[in-house]
1. Do we have B:VAL34 as in contact with a Phe, Trp or Tyr (Cβ under 6 Å, 6 or more places away or on another chain) and farther than 19 Å from B:ARG103 by Cβ here?
2. Could you tell me whether region B:43-54 includes any residue that is surrounded by 17 or more Cβ atoms within 10 Å (Cβ to Cβ), among the β-branched types (Val, Ile, Thr) and within 13 Å of the chain's Cα centre (by Cα)?
3. Could you go through region A:91-113 and let me know if any residue there is closer than 22 Å to A:MET4 by Cβ and in a helix (DSSP H, G or I).
4. What single numbered condition from (1) more than 9 Å from every other protein chain (Cβ to nearest Cβ); (2) surrounded by fewer than 18 Cβ atoms within 10 Å (Cβ to Cβ); (3) in contact with a helix residue (DSSP H, G or I) (Cβ under 7 Å, 6 or more places away or on another chain); (4) more than 28 Å from A:GLY124 (Cα to Cα) fails to hold for C:ALA13?
Amino acid sequence: MNTMHWPALVTLAALTLCFATVAIVGRARGKYRVAAPATTGHALFERAFRVQMNTLENTVIFLPALWLCALFVGPLVATALGGLWLVGRVWYAAAYLREPKSRGGGFVLAFVAWAGLMIAASWGVLRGLLGG
Amino acid sequence: MNTMHWPALVTLAALTLCFATVAIVGRARGKYRVAAPATTGHALFERAFRVQMNTLENTVIFLPALWLCALFVGPLVATALGGLWLVGRVWYAAAYLREPKSRGGGFVLAFVAWAGLMIAASWGVLRGLLGG
Amino acid sequence: MNTMHWPALVTLAALTLCFATVAIVGRARGKYRVAAPATTGHALFERAFRVQMNTLENTVIFLPALWLCALFVGPLVATALGGLWLVGRVWYAAAYLREPKSRGGGFVLAFVAWAGLMIAASWGVLRGLLGG
């Protein structure tokens with residue numbers, strides 16, 4: 001079994017989460033009557049839009065860290081940390097949409113998981129460069 | 001011949017499309033006198049800005065899906081669906097810039113192509129995990 | 001020694017730069033009292049926000065170009081051009097935060113490096129397709 005399938009599965013889940021946050025913005029556009037291209041006009045729409053943008057921004061720096069960790073350290077470490085990141089980001093999105101003040105827990109969990117991927121990947125890459 | 005060259009070519013075309021939408025926003029800044037860092041102020045500028053942001057957001061979730069499909073299913077399936085996505089996104093951008101109401105066709109085509117990449121990649125990854 | 005470690009190191013540096021620009025926006029939110037989800041309200045906050053968004057947009061089109069160049073041309077060419085891009089983007093961010101009018105130099109350097117990656121990667125991919 002090729003264990004690179006696990007980070008691939010985490011990647012597909014992250015892309016699905018991105019798409020879900022876009023779909024929530026689309027629904028909020030209709031529900032709160034905020035016509036494109038406006039991105040302001042109703043507090044609940046702006047909340048959904050912030051969740052989408054924050055998810056997108058974090059996905060851009062998450063996926064390369066996930067794969068560098070998978071390739072230079074190992075797919076199982078990457079999958080464990082990537083899975084934690086996913087839990088944190090889903091928690092963040094769900095909490096933010098209900099009540100912005102409750103978004104902290106998921107945000108911190110996802111950040112710690114990302115920092116773990118960055119540290120692990122840096123260690124793996126530097127070990128290789130220094131002749132490990 | 002290494003057929004991974006084909007998804008690479010689709011990737012280069014997608015990056016060029018992203019760059020083109022950025023260049024159009026830059027020109028619109030001058031033409032409609034919307035000085036940075038403002039992103040509002042003239043309807044035609046806002047239209048160009050929406051096209052740029054939407055292209056960027058979609059590219060972020062397109063490229064990983066394209067490559068997972070290329071690696072876990074095959075480069076030719078990925079190239080065919082990726083090519084359709086490109087046609088849809090170029091159509092969307094050109095139509096939106098002319099008349100926002102006409103953007104639907106390209107948007108739907110690109111979405112269907114992306115969904116196809118996600119389904120194919122998921123099938124390829126799960127088949128591998130389940131011992132295929 | 002696997003020279004793919006070098007583009008991996010450039011990637012980690014680019015992700016760290018993205019994160020740094022996000023952290024600067026977070027600090028500016030507090031300092032200039034611009035509460036989320038607003039992204040306007042104080043000129044110095046808007047400046048930090050523009051730097052973050054511009055860095056993110058450019059990273060999205062940089063990383064795939066870096067890796068296509070690394071895989072289809074060679075990791076050392078990719079690392080040299082990617083290193084130039086990094087210098088340009090750090091210079092751009094630092095200059096923009098101090099004085100928006102001084103952002104040109106870093107912007108142009110990073111753009112030239114990105115264009116170099118795109119041209120090199122296209123040459124590498126097309127050479128492969130045309131049976132090179």
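1. On the way: in contact with a Phe, Trp or Tyr (Cβ under 6 Å, 6 or more places away or on another chain): yes; farther than 19 Å from B:ARG103 by Cβ: yes.
Here the answer is yes, as B:VAL34 does meet what is asked.
2. Kept after step one, since they are surrounded by 17 or more Cβ atoms within 10 Å (Cβ to Cβ), are these residues of region B:43-54: B:45-54.
In the following step, the residues that additionally are among the β-branched types (Val, Ile, Thr) were identified as B:51.
Within this subset, residues satisfying the condition of being within 13 Å of the chain's Cα centre (by Cα) are B:51.
Yes, some residue in region B:43-54 is surrounded by 17 or more Cβ atoms within 10 Å (Cβ to Cβ), among the β-branched types (Val, Ile, Thr) and within 13 Å of the chain's Cα centre (by Cα).
3. So the first thing to find is which residues in region A:91-113 are closer than 22 Å to A:MET4 by Cβ, and the list is A:113.
Those still in the list that are in a helix (DSSP H, G or I) too: A:113.
Yes, there is a match, as at least one residue in region A:91-113 is closer than 22 Å to A:MET4 by Cβ and in a helix (DSSP H, G or I).
4. (4)
Here's the yes/no breakdown for (1) free of Cβ contacts under 8 Å to residues at least 60 places away in the same chain; (2) more than 11 Å from every other protein chain (Cβ to nearest Cβ):
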residue	(1), (2)
C:GLY41	yes, yes
C:ASN58	yes, no
C:ILE61	yes, no
C:ALA78	no, yes
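Only the coordinates and a few stated rules stand behind these numbers; no lab work does. Not measured: the values here are computed from a predicted model. All Cβ positions, glycine included, derive from the backbone under ideal geometry; neighbour counts span all protein chains shown.
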